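Below is one structure; the comments refer to it alone.
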Amino acid sequence: MRAICTRANEEGLLSKRGGKWHPTTVARLLSPEAREKARQQSAKARAERKEQQRRGRAARLLSQR
C-alpha cells in the first residue's frame, strides 16, 4: 500500500479531494469489505447531519412562536 501511495504521489496523481494518497485510502479502494464499511460510515454520518439540520430548523420554528 505504501509503495502504491509513494508512486502515485511522486507521479503527481491527486486523490479525490486533490491531496496526497495515503495507505489507508489505497487499502479502502482495493478491499471490497473496506469500501462497504466506508460507504456505511458515510451514509450514517450524512443521516446524522441531516437529522441535526432538521432539529435545528424545528427549534428555530418553535422559537419564533
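The values are calculated or read from the model by the stated rules, or taken from the named source; none is laboratory data. Here the structure is a predicted model, which means the values were calculated and not measured. With ideal geometry, Cβ positions are generated from the backbone for all residues, glycine too; neighbour counts draw on all protein chains shown. Only protein heavy atoms, including side chains, enter the accessible area calculation; ligands, DNA and RNA are left aside. Shrake-Rupley method; radii C 1.70, N 1.55, O 1.52, S 1.80 Å.
Using a cut-off of 10 Å between beta-carbons, work out the net charge of the residues near HIS22 (Lys and Arg +1, Asp and Glu -1, HIS22 not included). It would help to have the intermediate numbers written out before the result.
Working: positive: ARG2, LYS20, ARG28; negative: none.
Net of charged neighbours comes to +3.
Please report, as a whole percent, how much of the solvent-accessible surface of the chain comes from carbon and sulfur atoms (probe radius 1.4 Å). Roughly 52 percent, rounded to a whole number.
Calculated mean residue ellipticity, 222 nm, the chain: -25500 deg cm²/dmol, from DSSP H runs (n ≥ 4) at -39500 (n - 2.57) each, averaged per residue and rounded to 500.
Per residue, how much accessible area does the chain show when a 1.4 Å probe rolls over the protein heavy atoms, in square angstrom? Let's see the in-between values first.
Details: 6000 Å² over 65 residues.
With all protein chains present, the chain gives 92 Å² per residue.
log10 I(q)/I(0), Debye, Cα-only the range 1-58, no solvent, q = 0.21 Å⁻¹? After summing over all Cα pairs, the log10 values are -0.81. Within the chain, no helix built from a complete DSSP H run reaches 27 Å or longer along its own axis (Cα positions) while carrying a mean Kyte-Doolittle hydropathy of 1.6 or higher. Magnitude of the charge dipole for the chain, about its Cα centre and with charges confined to Cβ atoms of Lys, Arg (+1) and Asp, Glu (-1), is about 560 debye. Taking the Cα centre of the chain as the origin and placing charges on Cβ (Lys, Arg +1; Asp, Glu -1), which of GLN40, SER15, LEU30 is farthest toward the positive end of the dipole? Most positive-ward Cα: GLN40.
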